[in-house]
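Here is the structure we will look at, set down as structure tokens.
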Amino acid sequence: MQITPNGRPPFRADHVGSLLRPRKLRDAFRQHAEGRLNDSALRAAQDAAIREVVKLQEDCGLQVVNDGEFRRISYWEKFVRLTKGLVVKDAVFKFHDEHGHSSDFTAPYVTAKVARAEPITLDEYGFVAPLTKATPKVTMPAPSTMHFYRFTQFGDPGIYASGQEFFADLGRVYQQEIADLARAGCRYVQLDEVALAVLCDPAAQAQVRAAGGNPDALVDLYVDAINEAVKGRPAGVVVGVHMCRGNYKGMYLSEGGYTSIAERLFQRAQVNHFLLEFDTPRAGDFTPLALMPKSKGVVLGLVSSKIPQLEPLDALRRRAAEAGKLIDLEQCAISPQCGFASTMGGNPVTEADERAKLRRCVEAAAAIWG
């Protein structure tokens, strides 16, 4: 299965990855955590749910599908669980919403030299690929996920002398994983990048400075970490970077446009395309798209996964036309701004809402690009 980017995303209609877990699957995860369901029974529940969610994506007309991240509790949980040297602790940031509500969350933490203990996402690809004629996409948390949420103390003292040293080891985990995926036939990998999007927010920048950090230095560190992760990837493997401002039960971590990081990220990141959030004014305007090299593509995240209201087709066409004043629309595609369930609980939308929004992306792609 070959996909060729040619300065544009591989598909005109895409989606970010996580999809709403059905109740049976959520119950299975809970029972497994409580010791009332064994590993094989949990795997069977995951298998059944994944078969259904692949069909859902196909029914919506998507040419790219995944397993909905149904084998994970959150978008990064499985990566941490299966990587040596990583555990979970409290984060230094909080999720919040427009109504002033906030929520603490947990984050990866380094307790020993990191290394790939076993394949992390290979089973996800291996199960989905035989189920569909569409292209399976595998998602992974970006390397910064393992550092940023506790950047002042991302690990036990003395394990790593610097962030660069840490990301050199972590990068090898990604390189080995991507190589195994490529050998299995995978041609589309997506890295979910939250830290760089959060660092666009002046409030987050101030929080970093108050803790003794340098937000500009972190931007450079995290772009370099992406490049380390994808270094030497096999020919024919397309890598997209999804920029996310946080996605937890409809709440977010930050706001602010991409202007402060756009040139460094778009020019320096050695990837094929970016999946960018543009669903609300919190994401800023399209101005940074003028800095995108012609050799890279953009998936415009114009459909919201956080609210049930369905975006009118004409409104999506108008917004794409606005973006087209700053970037050649031939370099672009459309998707929801984020996944529907970055964690087990999911966003405050129904499966019917999710289905309608995925189908709307396919309809919009046909209306905009034919």
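The values are calculated or read from the model by the stated rules, or taken from the named source; none is laboratory data. This structure is a prediction, so every number in the text was calculated from the model and none was measured. Neighbour counts run over all protein chains shown; Cβ positions are idealised from the backbone, glycine included. Just the protein is used for accessible areas: all its heavy atoms, side chains included, with ligands, DNA and RNA removed. Shrake-Rupley method; radii C 1.70, N 1.55, O 1.52, S 1.80 Å.
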Out of all the residues in the stretch 291-338, which are of a type in the set (Gly, Ala, Ser) and over 23 Å from the mean Cα position of the chain (by Cα)? Ala315, Ala321, Gly324
In the stretch 152-162, is there at least one residue being farther than 18 Å from Phe79 by Cα, touching a residue at least 40 places away in the same chain (Cβ under 8 Å) and of a type in the set (Asp, Glu)? yes
Can you pull out the residues in the stretch 37-95 that are more than 17 Å from the chain's Cα centre (by Cα), part of a helix (DSSP H, G or I) and not aliphatic (A, V, I, L, M)? Asp39, Ser40, Arg43, Gln46, Asp47, Arg51, Glu52, Lys55, Gln57, Glu58, Asp59, Arg81
Counting just the residues of the stretch 267-308 that are part of a loop (DSSP other than H, G, I, E, B) and hydroxyl-bearing (Ser, Thr, Tyr), which one comes out most open to solvent (accessible area, probe 1.4 Å)? Ser295
Taking the criterion of being under 29 Å from Asn272 (Cα atoms), open to solvent by 10 Å² or more (accessible area, probe 1.4 Å) and either touching a Lys or Arg at 6+ places or on another chain (Cβ under 8 Å) or not in a loop (DSSP other than H, G, I, E, B) (or both), would at least one residue in the stretch 11-30 satisfy it? yes
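Test Gly213 against the criterion of being modelled with pLDDT of 95 or more and among the small types (Gly, Ala, Ser), and give yes or no. Outline the logic, then answer.
On the way: modelled with pLDDT of 95 or more: no; among the small types (Gly, Ala, Ser): yes.
For Gly213, the condition - modelled with pLDDT of 95 or more and among the small types (Gly, Ala, Ser) - is not met.
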Among the residues of the stretch 177-194, is any open to solvent by less than 10 Å² (accessible area, probe 1.4 Å) and of a type in the set (S, T, N, Q)? yes
For the stretch 186-206, pairs from a residue that is basic (Lys, Arg) to a residue that is not in a strand (DSSP E or B), with Cβ under 6 Å and 6 or more apart or across chains, are Arg187/Met1; Arg187/Ile3; Arg187/Gly236; Arg187/Val237
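Of the residues Thr350, Thr343, only one is at pLDDT 95 or above and under 17 Å from Gly17 (Cα atoms); which?
From the options Thr350, Thr343, the qualifying one is Thr350.
Among Gly7, Gly61, Gly68, which is touching a residue at least 40 places away in the same chain (Cβ under 8 Å), buried (at least 23 other Cβ atoms within 10 Å of the Cβ) and among the small types (Gly, Ala, Ser)? So that I can check it myself, show each step before the final result.
Working: Gly7 fails: buried (at least 23 other Cβ atoms within 10 Å of the Cβ); Gly61 fails: buried (at least 23 other Cβ atoms within 10 Å of the Cβ).
One residue alone meets the criteria, Gly68.
What residue, among those in the stretch 321-356 that are part of a helix (DSSP H, G or I) and free of Cβ contacts under 8 Å to residues at least 12 places away in the same chain, is nearest to Phe266 (Cα to Cα)? It would help to see each step written out before you state the result.
So in the stretch 321-356, the residues part of a helix (DSSP H, G or I) come out as 321-323, 329-331, 351-356.
Subset that is free of Cβ contacts under 8 Å to residues at least 12 places away in the same chain: 321, 352.
On the way: Ala321: 21, Ala352: 35 Å.
Among residues in the stretch 321-356 that are part of a helix (DSSP H, G or I) and free of Cβ contacts under 8 Å to residues at least 12 places away in the same chain, the one nearest to Phe266 (Cα to Cα) is Ala321.
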List, please: which pairs have Cβ atoms under 8 Å, are six or more places apart or on different chains, and start with a residue in the stretch 223-245 that is small (Gly, Ala, Ser) and end with one that is modelled with pLDDT under 95 and open to solvent by 30 Å² or more (accessible area, probe 1.4 Å)? Gly236/Gln2
Tabulated pairs, the stretch 132-148, first within 21 Å of Asp169 (Cα to Cα), second of a type in the set (S, T, N, Q), C-beta under 7 angstrom, 6+ apart or interchain: Thr139/Asn66; Thr139/Gln190; Met140/Thr121
